[in-house]
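The values are calculated or read from the model by the stated rules, or taken from the named source; none is laboratory data. As the structure is a prediction and not an experimental result, all values here were calculated from the model. Note that each Cβ is placed from the backbone with ideal geometry, even for glycine, and that neighbours are counted across all protein chains shown.
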Amino acid sequence: MDIFSHGLWGYALFGRRGLGWLACFFGVFPDLVSFGILTVINITNGSFQFGKPDPAVIPTWTFISYDWSHSLVIALITVFIVWKFNKLIAFTMLAWIFHILLDIPTHSKEFFPTKFLWPLSDIAFNGISWGTPWIWLSNAGGLSVVYGIMVYKHYKKGKIYFLKWTKRQNTI
């Protein structure tokens, strides 16, 4: 799944009590740890290019950080430890686990397979690329529905004022 979708899903599903941006962060965290750092390095040294990079030029540490950050084992242990101290923060961290669950079926074994049981196992599901049109459209449709519901709920609570047409706005 693309990083923007991960952030949007994290915000929508796990952003509660003013912690939406933290949930968004945890939604993109696994990709920031691996590809985010690599992207900053490539921009800094002038070698950044758009598109899918050749795996032969990707540093080994990127694969290691990808496996670490996309491990349900690591994520569950971390969330459990945080839950012992702060249940609200642990709830927002579930966006990290949701990220991994989205990546399992949307990454093929050809390019960064999600080894979700790492370090216990290197098993990975040979999924369908998130760039496949019907996967991408399903994701966009799902996000549209979820955010539509969020907007509607906020509107009904009176928290979205620009959608309401009141008499005061109608007068000169």
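Key figures
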{"read-out": "Number of positions in the stretch 37-62 that are in contact with a helix residue (DSSP H, G or I) (Cβ under 8 Å, 6 or more places away or on another chain) and not β-branched (Val, Ile, Thr)", "value": "4"}
{"read-out": "Enumerated helices (runs of 4 or more DSSP H) restricted to the stretch 4-90, each holding at least 3 residues that are within 17 Å of the chain's Cα centre (by Cα) and buried (at least 16 other Cβ atoms within 10 Å of the Cβ)", "value": "20-31, 60-69, 72-85"}
{"read-out": "Filtered residues of the stretch 125-153 (kept if part of a loop (DSSP other than H, G, I, E, B) and under 19 Å from the mean Cα position of the chain (by Cα))", "value": "125, 127, 128, 129, 130, 131, 132"}
{"read-out": "Qualifying position, being farther than 22 Å from residue 54 by Cα, surrounded by fewer than 11 Cβ atoms within 10 Å (Cβ to Cβ) and at pLDDT 95 or above, among 102, 137", "value": "137"}
